[in-house]
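Notes follow once the structure below has been shown.
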Amino acid sequence: MRWKDESGTKWRLRQQRLAWPRWVKPEVAFEHAPSGLGDDPISAIIALPFLLVFAVMLPFWLAELLLRLLLAPFVAVLRLAGAIPYRLKLYKKGRLTGSYSADGHGELVRLRHELRRMGSPAGGGH
């Protein structure tokens with residue numbers, strides 16, 4: 001959710017959709033990717049670290065994705081019941097200003113409206 005307040009300040013409220021942050025990050029492998037490859041043997045040697053990191057990380061990415069897909073329905077039910085909190089982060093002009101937690105869908109809706117109405121949270125993060 002994005003909006004501007006009366007003074008023109010840009011606000012952004014992000015909700016963490018998953019129950020836990022990513023463990024395996026694909027960016028790690030692509031940091032080792034060479035910028036350009038040719039037909040010479042040296043290019044293959046330059047690409048070797050990227051290929052090794054990619055080959056090792058790919059099974060972990062797939063396992064984590066599969067786990068998330070399998071657990072998603074259970075996490076959704078637990079979130080609605082209030083057993084797993086919703087996590088929200090409020091940004092002002094691109095900088096994190098507060099982190100919030102809401103137990104259950106009703107509190108999530110209330111918290112969203114409250115943060116948007118206030119523009120700037122007075123009480124800090126929960």
Within region 100-126, of all residues that are at pLDDT below 80 and basic (K, R), the one most open to solvent (accessible area, probe 1.4 Å) is R117
Within region 83-99, of all residues that are at pLDDT below 85 and out of contact with any strand residue (DSSP E or B) (no Cβ under 9 Å at 6 or more places or on another chain), the one nearest to D5 (Cα to Cα) is I84
Here the residues within region 63-92 that are open to solvent by 50 Å² or more (accessible area, probe 1.4 Å), more than 19 Å from E114 (Cα to Cα) and not small (G, A, S) are L65, L66, L67, L69, L70, L71, P73, F74, V77, L78, L80
F54 vs (1) within 24 Å of R2 (Cα to Cα); (2) outside the structural domain of R2 (by the TED database); (3) modelled with pLDDT of 80 or more: all pass except (1)
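The values are calculated or read from the model by the stated rules, or taken from the named source; none is laboratory data. Predicted model only: the values in this text are computed from it and were never measured. Every residue, glycine among them, receives a Cβ derived from its backbone with ideal geometry; neighbour counts consider all protein chains shown. Only protein heavy atoms, including side chains, enter the accessible area calculation; ligands, DNA and RNA are left aside. Shrake-Rupley method; radii C 1.70, N 1.55, O 1.52, S 1.80 Å.
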